[in-house]
Amino acid sequence: MKHSLTLLLSGLALAVLLLLGGGSGAAAAGPQGLPAVEGAVDQYLHSLPADFHTLRTVPALKSLMAGGNVLLIDVRQPGEYRAGHIRGAVNLPLRELDDHLGAIPTDKEIVLYCSTGFRSAMGVMALQLQGFRHVRGFPPSFAGWQAAGEAVSGPEAGDGAQA
């Protein structure tokens with residue numbers, strides 16, 4: 001029986017909270033605990049070996065994109081995507097990934113990104129649990145891409161698709 005991606009994401013978030021001591025700490029207290037969780041996920045992602053489900057630098061992502069066999073997925077909300085994104089990315093918000101699994105190709109490298117790395121890390125884990133094997137996150141996220149002067153926004157940003 002196929003598990004809903006939403007259920008998987010909820011389970012992953014709960015597991016992260018429990019691993020961080022969220023049962024009685026600040027992370028369990030609600031939204032104010034989210035920065036601690038995001039920081040812990042970000043720290044975890046940055047501690048992984050360079051080739052473990054991540055692209056750690058803007059040049060590494062640009063090199064992969066130059067090969068042409070990549071699907072870039074922006075897992076942020078549509079308003080965030082419209083405000084600026086990586087050229088060629090499609091917008092599939094994290095909460096809607098489950099609705100679009102059939103549209104995600106299995107013959108391409110899949111790279112997920114968001115604003116800070118938290119949502120994309122959740123998306124990478126969830127897609128891997130659904131059987132996708134060539135999926136990676138981009139921990140520098142949109143903020144890193146933007147800092148490198150690569151972001152597009154406004155009328156010229158209409159190159160990607162929106163779910």
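None of the figures in this text is laboratory data; all of them are computed from the coordinates on show. In this text, all values refer to a predicted model and were calculated from it rather than measured experimentally. Here Cβ is always computed from backbone atoms with ideal geometry, including for glycine, and neighbour counts include all displayed protein chains.
Projecting label points 7 angstrom from Cα along Cα→Cβ for GLU96 and LYS108 puts them 1.7 nm apart.
Working from label points 7 Å from Cα in the Cα-to-Cβ sense, the ARG87 to ALA148 distance is 1.3 nm. Under 5 Å between amide hydrogens, built in the peptide plane, is the criterion, and for GLY88 it picks out ASP159, GLY160 among residues at least 5 positions away or on other chains. Counting every pair of alpha carbons in region 62-108, the share spaced more than 16 Å apart comes to 43 percent. Taking amide hydrogens as placed 1.01 Å from N in the peptide plane, the amide H of ARG136 sits under 5 Å from those of ILE110, VAL111, LEU112, each at least 5 positions away in sequence or on another chain. Using the Cβ-Cβ distance between ARG133 and SER63 with R0 = 22 Å, the FRET efficiency computed as 1/(1 + (r/R0)^6) comes to roughly 0.60.
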